[in-house]
Structures are given as structure tokens and as C-alpha cells.
Amino acid sequence: MATNGKVAIVTGAGTGIGKAAAMALLAAGYRVALAGRRREPLEEVRGASGAGDNALVVPTDVAKPDSVRALFDATVEAFGRVDVLFNNAGVNAPGIPLEDLTLEQWQNVVDINLTGMFLCTQQAFRVMKSQTPRGGRIINNGSISATTPRPNSIAYTSTKHAVEGMTKTASLDGRKYDIAVGQIDVGNAATEMAMRMAKGVPQANGEIAVEPLMDVAIVGQSVLYMANLPLEANVMFHTVMATKMPFAGRG
């Protein structure tokens, strides 16, 4: 399969948005390291893509520094460099009242959604600033929860708000290394995590309402668009959402 010479790492690549992004990047000729905690879904993505040796499966726990370091080492060893990191791995906590959330549930979300994203960003900086040609692009998955919360989502929403600060700060710190950092905020893509929307989810006014969904492949194309930009340009924040979902205005 032909390549365009560019190398990407996608975390959380085995399912959902990560899978859609990985498939779009591979179809466009990227060589892609598929990272995730479980090998089997990553192998399924590799097989479904038909990308052969352009897809590298690297089981990874983004919350563990040694595992993140091993991911970047394996990618550079296989492909020579890293041009794009899609910081996508994330988890949620149960949708329960704030006062009932355990410290362990809170910490798990923080470890993966926030600390994991930092660890991957840090390794990307170390690689991208030292390679030739220098630089690269980091795309963080912020989610619409980076702006607007849902009820009973204190852990997830707090980490996603923090991601916005990480994106802004890393974009500043990356300038001197020709590293562009941006964020994609996704609303109601049809993934396993979001399918509950089709059955009805709690709204801010206490009602339960069914929410529209969009094809997750649309998100993959958005990530590809951001990845393909020359390093002189950066999309700081890109929102892609189901057109009729309750977000703008008051519902």
C-alpha cells in the first residue's frame, strides 16, 4: 500500500473515534502506530484497513510513563519519525451523582484522560523537536465536554476542560520546535460510548431525551484534515457535531 511519507500515532485506536481516525489516516497513506490497552481490537483495525505493514500494533497504557515511552520508541524504530499524534485515549466514569463518585473512579479518569494525554504530549515533544525535518502536529481529543458539561459527569468534564488548557499551553511551548498543537471537540458521534444517546440521556433540566448522532467516519475525516495541514497553519479548535444535538443555545 502506498504511503505519503508521514507517520502518525493514534491512541485509543481500537474502537470509536480512534478507530475512525486511524482508518482515515491509513487510507490517506499515513503509516500509523495503533495504540490501545487491548491488542485484539488493534489487530482488527489493522486487518480491516488493509494497510499491511503501514499499520503497527502497539499495546499501550497511556497512564504509565514506561508504556508511553515504549510506544514512541517502537514507532520511531519502525517508521523513523513521528509527524502526527492524535491524543484520543479516554474513559468515562459512571453517570452517578457527584457525591457518590469514589476517589478511585475519579482518579482513573484523571489518570487516562489528563495525565495520559500529558505523557503522550511530552514524548511527542521529545521526538518531534529532535527529528529531521523538525516538528510535527499534536491533535487532542477535547470533546464538547471541554466546553459544556452534562449532568453527573464531574470527572470526565473536569479532565476535558483541563485538556483545553493543555492544548493552549502546548501550542505555545511547541512553537520553538515547529510543533503545532490543536484540539478536536466531538459531539455525538455514533460510537459504542455514545450509543446511549439514541436511547435517551439526562438533560440539564432533568428530562430524558433522545439525541441525534452522526457517522463517526466524519470525525475521522476531520482529524485527517487537521493532520494534513502544513505546519505553518494550525486549527486550534475544531468542533464537529451532530447538527441537531442539544448544545448551542439552551438545548
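A short reminder: the numbers here are calculations on the coordinates, not readings from a lab. Since this is a predicted model, take the numbers as computed values, not measurements. Cβ coordinates were reconstructed from backbone atoms using ideal geometry, including for glycine residues, and neighbour counts include every protein chain displayed.
Only sites in a loop by DSSP and with at most 14 other Cβ atoms within 10 Å count here; which trypsin sites (Lys or Arg not before Pro) in region 131-168 make the cut? Walk me through the numbers before you get to the answer.
Details: sites: R134, R137, K160, K168; in loops: R134.
Answer by residue number: R134.
Tell me which residues come under 5 Å, amide H to amide H, from I179 once H is placed; ignore anything under 5 positions away on its chain.
G136
Looking at the square roots a ≥ b ≥ c of the eigenvalues of the Cα gyration tensor of region 187-231, which shape do they give, rounded for a/c under 1.5, prolate if a/b is larger than b/c, or oblate? Walk me through the numbers before you get to the answer.
Numbers: a/c = 4.64, a/b = 2.65, b/c = 1.75.
Prolate, since a/c reaches 1.5 and a/b exceeds b/c.
What pairs from K6/K176; K176/K244; K64/K176; K64/K199; K168/K199; K168/K244 go past 32 Å between their alpha carbons? Walk me through the intermediate numbers first.
Numbers: K6/K176 21 Å; K176/K244 40 Å; K64/K176 27 Å; K64/K199 35 Å; K168/K199 35 Å; K168/K244 28 Å.
Checking Cα-Cα distances, K176/K244; K64/K199; K168/K199 exceed 32 Å.
For A55, which sequence-distant residues (separation of 5 or more, or a different chain) have an amide H within less than 5 Å of its own amide H, given hydrogens modelled in the peptide plane?
Placed amide hydrogens put V32 under 5 Å from A55.
State, as an integer percentage, the relative contact order of the chain based on alpha-carbon contacts under 8 Å between residues 6 or more apart.
Working: 507 pairs, mean separation 46.0, N = 251.
Reported as a whole number, the value is 18 percent.
For the chain, modelled as a GNM with alpha-carbon contacts under 10 angstrom, which of A180, A13, A170 fluctuates the most?
Judging by the Gaussian network model, the answer is A170.
Order of L71, L25, L56 from fewest to most other C-beta atoms within 10 Å?
On the way: L71 26, L25 30, L56 21.
By the 10 Å Cβ count, ascending, the order reads L56, L71, L25.
Counting only DSSP beta bridges with both residues in region 7-241, what percent are antiparallel, rounded to the nearest 5?
On the way: 2 of 31 bridges.
In region 7-241, approximately 5 percent of DSSP beta bridges are antiparallel ones.
Using +1 on the beta carbon of Lys and Arg, -1 on that of Asp and Glu, and nothing else charged, what's the dipole of the chain about the Cα centre, debye to 20?
On the way: 23 positive and 22 negative charges, 106 e Å.
In total the dipole reaches around 500 debye.
For region 28-35, just list the computed ³J(HN,Hα) in residue order, Karplus coefficients 6.51, -1.76 and 1.60, θ = phi - 60°, integers in Hz, with x standing in for Gly and Pro.
For region 28-35, the Karplus-derived couplings read 8, x, 6, 8, 10, 8, 9, 10 Hz, x marking Gly and Pro.
In whole Å, what are the extents of region 68-180 along the principal axes defined by its C-alpha atoms, from largest to smallest?
Taking the Cα atoms of region 68-180, the three principal extents are 50, 26, 16 Å.
For the chain, what number results from the quotient of the Cα radius of gyration and 2.2 N^0.38 Å?
0.97
Quick check: the angle from helix 39-49's long axis to the longest principal axis of the chain, C-alpha only, nearest 10 degrees?
Value to nearest ten degrees: 70.
Given a 10 angstrom Cα cut-off, can you work out which residue in Q105, Q123, Q221 is the most mobile in a GNM of the chain?
Taking springs between Cα atoms under 10 Å, the residue moving most is Q105.
Place a +1 charge on the Cβ of each Lys and Arg in region 1-81 and a -1 charge on the Cβ of each Asp and Glu, then give the dipole magnitude about the Cα centre in debye, rounded to the nearest 20. Before the final figure, lay out each step's value.
Values: 10 positive and 8 negative charges, 36 e Å.
The calculated dipole for region 1-81 is roughly 180 debye.
How high is the relative contact order of region 191-241, in percent, counting Cα pairs under 8 Å that sit 6 or more residues apart? Could the numbers behind the result be given before it?
Numbers: 27 pairs, mean separation 12.3, N = 51.
Over region 191-241, the number comes to 24 percent.
In degrees between 0 and 90, to the nearest 10, how far off the longest principal axis of the chain does helix 16-27 point, with axes built from Cα atoms?
On a 0 to 90 degree scale, this one is about 30.
Out of I96, L25, V110, whose Cα points farthest toward the positive end of the dipole of the chain (charges: +1 Lys, Arg; -1 Asp, Glu; placed on Cβ)?
With unit charges placed on the Cβ atoms, the residue in question is L25.
Per residue of region 223-236, what does 6.51 cos²θ - 1.76 cosθ + 1.60 with θ = phi - 60° give for ³J(HN,Hα)? Whole Hz please, x for Gly and Pro, Karplus curve as stated.
For region 223-236, the Karplus-derived couplings read 4, 4, 4, 5, 5, 7, 5, x, 5, 6, 10, 9, 8, 5 Hz, x marking Gly and Pro.
Whole-Hz ³J(HN,Hα) for each residue in region 66-83, computed from phi via Karplus 6.51 cos²θ - 1.76 cosθ + 1.60 with θ = phi - 60°, x for glycine and proline: what do you get?
Running phi through 6.51 cos²θ - 1.76 cosθ + 1.60 with θ = phi - 60° gives 5, 5, 5, 4, 5, 4, 5, 4, 5, 5, 5, 4, 7, 10, x, 6, 9, 9 Hz.
Relative to the first principal axis of the alpha-carbon coordinates of the chain, what is the inclination of helix 154-174, with its axis defined by its Cα atoms, in degrees from 0 to 90 and to the nearest 10?
30 degrees
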